[in-house]
Amino acid sequence: TQNELSQEDAKTLVSNGVKVVAEGANMPCTPGAIETFQQAGVLYAPGKAANAGGVATSALEMEQNASRTKWTFEQVATKLEHIMADIHDTC
């Protein structure tokens, strides 16, 4: 669900020493919460970035199935590493 973590919630987390927030849902933090994390120097990973690996792996699986090929674990890991690096560089 969206907007589950408010700015007040974020302030509480910051005051309790949180170091990292990685969203596991789609937009669970309000804009005010995100601003609070950023101002406090908390490492913040938006859901789109934090969940990207699972989505990318699903896309790789669909590509593999469509091409009727079989990739090794190492091939998938390498492809995923490149995708995640591109996401990191873009964001």
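Annotations for the structure displayed:
- Output for region 20-40, where each listed residue is at pLDDT 95 or above and closer than 19 Å to His88 by Cβ: Val20, Val21, Ile34, Phe37, Gln38
- Looking across region 40-71 at every residue that is part of a strand (DSSP E or B) and not small (Gly, Ala, Ser), the one that is farthest from the chain's Cα centre (by Cα) is identified as Leu43.
- Close contacts from region 69-91, counting a first residue that is loosely packed, with under 12 Cβ neighbours inside 10 Å and a second that is not β-branched (Val, Ile, Thr), with Cβ to Cβ under 6 Å and a gap of 6+ residues or different chains, come to Cys91/Ala49.
- Unique match (being modelled with pLDDT of 95 or more, surrounded by 12 or more Cβ atoms within 10 Å (Cβ to Cβ) and in contact with a Pro (Cβ under 6 Å, 6 or more places away or on another chain)) among Leu5, Leu60: Leu5
- The set of residues in region 58-91 that are within 19 Å of Ala25 (Cα to Cα), in contact with a Lys or Arg (Cβ under 9 Å, 6 or more places away or on another chain) and of a type in the set (S, T, N, Q) is empty.
- Residues satisfying the stated conditions in region 13-27, i.e. over 20 Å from Ile87 (Cα atoms) and either touching a Ser or Thr at 6+ places or on another chain (Cβ under 8 Å) or surrounded by fewer than 13 Cβ atoms within 10 Å (Cβ to Cβ) (or both): Val14, Ser15, Asn16, Gly17, Lys19
The values are calculated or read from the model by the stated rules, or taken from the named source; none is laboratory data. Just so it is clear, the structure is predicted and the values come from calculations on it, not from any experiment. Reconstructed Cβ throughout: ideal geometry from the backbone, glycine too, with neighbour counts over all protein chains shown.
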